[in-house]
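Peer 1: Here you go, one structure.
Nothing in this text is a laboratory measurement; each read-out follows from the coordinates by a stated rule. Bear in mind the structure is a predicted one, so any value in this text is a computation, not a measurement. We place every Cβ from the backbone using ideal geometry, glycine too, and count neighbours over all the protein chains shown.
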Amino acid sequence: TLAFLDYAKSPKYETNTNVSNVQATIANGSKDLVVVDLVSGATLLNSNNIDYKLLSILTFGNFFVFATGNDTDDVMTDDDYILGFGSNTATPYYIFKEVFPNVEVDAFVSGVSDLPAFAKLGVYDSHSVDYIIIAEPVLTQVRADTTAPTYENGYVYADLQEEWSKLHQERILGAALFVKNSSYLSKETAIEEFKTLVYANIAAIRLLPSMAASKLNAYGDLNAQRSKFGLDANLAESVLTDNVINLGFSDSQQDGFLSEVNAYLTLVHAQTLDATHIV
């Protein structure tokens, strides 16, 4: 959502943390532009009568394994208790299993936003949790809480982007921007101008993270910011300083775009796209 800071005051702008609801938006065609993870979007585009095309990729993986400090030998094995988010058919799980094929996830919470309490405590459903599959900016939020029981001994066990790159020499492709095809055909100039401005905003806040903080402060106090964007100005500036959220952009009109997308989709066991699925 940081990519769209300049547009979030528009009544047409909507955020939803429930992926199923975002998928439903694509299925029913109710928005001109929709951001959802690439795998979910690609699956929908392969369904019948879906009036959307892939316009760009906006993030490039922000998945990590967080060690709570409960594992006495600090070596993750299948004997340890692993907590994930989503399900065993979701992208984070597939990436984790590619990197750690001999380790199984013991339990899942619905979404990454449900993880902070368990990551801070190191406990889930009466189980002592050893490792957690987590994503930014939630990881930074967890590690910043000096009162958390896991603060002293918790640490990042694995950067899944780095490990994925070592295995496949490919980037992780995360959040993707999809455009309703009929809207693009009737408003191509306006949508292309919007896209260009979004890219410019991404470049600007990556270069100067304090700019993102200033823009977020325009939306009210920290609680109002969290409600609107899922993070506040302080957290946004922190995660953008080293760009641990891997915010960026790759445009569908760039050479090799479809090849990279399909190579990634194949690796995560998802349906691939053809030229009719992209702008």
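Peer 1: Report, in whole Å, the centroid distance computed from the Cα atoms of the range 185-208 and the range 92-148.
Peer 2: 33
Peer 1: Each label point is 7 Å from the Cα along the Cα-to-Cβ direction; what then is the distance between the points at ASN16 and ASN181, in nm?
Peer 2: Computed distance between label sites ASN16 and ASN181 equals 2.2 nm.
Peer 1: Taking Cα extents along the principal axes in Å as the quantity of interest, determine which of [x] 71, 68, 37; [y] 60, 42, 31; [z] 63, 48, 34 was computed from the displayed structure.
Peer 2: Recomputing Cα extents along the principal axes in Å here gives the entry labelled [y].
Peer 1: Say a paramagnetic label sat at a point 7 Å from the Cα of ASN102, along Cα to Cβ; which residues of the range 68-84 have their backbone N under 12 Å from it?
Peer 2: It comes to 76-79, nothing else.
Peer 1: Per the helix-only calculation at 222 nm, which mean residue ellipticity applies to the chain, given -39500 (n - 2.57) for every DSSP H run of n ≥ 4 and division by its residues, nearest 500 deg cm²/dmol?
Peer 2: That comes out to -11500 deg cm²/dmol.
Peer 1: The range 53-81 to the range 209-279: how many Å between their Cα centroids?
Peer 2: 18
Peer 1: How much length is gained if the chain between SER47 and TYR7 is pulled fully straight, taking 0.36 nm per residue apart and subtracting their Cα-Cα distance, in nm to one decimal?
Peer 2: Taking SER47 through TYR7 to full extension adds about 11.4 nm, to one decimal.
Peer 1: Return the lysines within reach of LYS53: Cα separation strictly under 25 angstrom, same-chain partners fewer than 8 residues apart disregarded; answer none if there are no such residues.
Peer 2: LYS53 reaches LYS12, LYS31, LYS180, LYS187, LYS195.
Peer 1: Can you compute 3J(HN,Hα) from phi for each residue in the range 145-150, using the Karplus curve 6.51 cos²θ - 1.76 cosθ + 1.60 with θ = phi - 60°, rounded to whole Hz and x for Gly and Pro?
Peer 2: For the range 145-150, the Karplus-derived couplings read 7, 6, 8, 5, x, 8 Hz, x marking Gly and Pro.
Peer 1: For ASP114 paired with GLU193, estimate the spin-label separation in nm (one decimal), with each label point 7 Å from Cα along the Cα-to-Cβ line.
Peer 2: Here the answer is 4.3 nm between the modelled labels.
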